[in-house]
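Remarks on the structure that follows.
Derivation of every value follows stated rules applied to the coordinates shown; laboratory data play no part. Note that the structure is a prediction, hence the values are computed from the model and not measured. Glycine also receives a Cβ, built like all others from the backbone with ideal geometry; neighbour counts cover every protein chain displayed.
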Amino acid sequence: MRAFALLAFVLLTGCASSAQTPEASGATPDPATSDPVAQVKATIATLFDGMRAGDSTMVRSTFHPDMRLNTVAQDGEGYRLVGGDAERFLQAVGTPHDEAWDERIGEIDVRVDAGLATAWMAYRFYVGDTFSHCGVNSMQLARLDGRWQIVSLVDTRRQACE
């Protein structure tokens, strides 16, 4: 009889706790808060929305304080790594300019393992409506202090796009 009472308690407790989940109540969980891929994509969207708006505070909110910024540039027949300065970039974004900096990205390939994410996307960069250059962005993000932060952004730049 004791075993039956214990089994009934466990089953009832399990059922009661599962009835509290959003899925059991018919509500759909918000992917922006529960899906790490959606969270990473939201961080990236905030970065580019901030650039278009000329809002350096918005852009800064996506960067880890020690964020690295680099470009892989073609140098004759080879390539070289050109270091960027995140603070100078933020200052440039926030400096008023007549036309929006519009980085139009393609599909984002996101890979996540625990608190590390990698995002890869092709882009075309426009100043206002005028094409400037294109390439690929590769971002490393870390989930720190409860949010995804860009810790590294490396891009390529070229005039001819496929």
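A few notes on this one:
- Cβ-Cβ under 8 Å pairs, at least 6 apart or on other chains, the range 148-162 side without any contact (Cβ under 8 Å) to a residue 60 or more places away in the chain, far side part of a loop (DSSP other than H, G, I, E, B): none
- In the range 99-121, the residue that is nearest to Phe63 (Cα to Cα) out of those that are of a type in the set (Asp, Glu) and touching a residue at least 40 places away in the same chain (Cβ under 8 Å) is Glu103.
- Contacts under 8 angstrom Cβ, first residue in the range 75-98 being over 14 Å from Ala53 (Cβ atoms), partner part of a strand (DSSP E or B) and aromatic (Phe, Trp, Tyr), 6 or more apart: Ala86/Phe63
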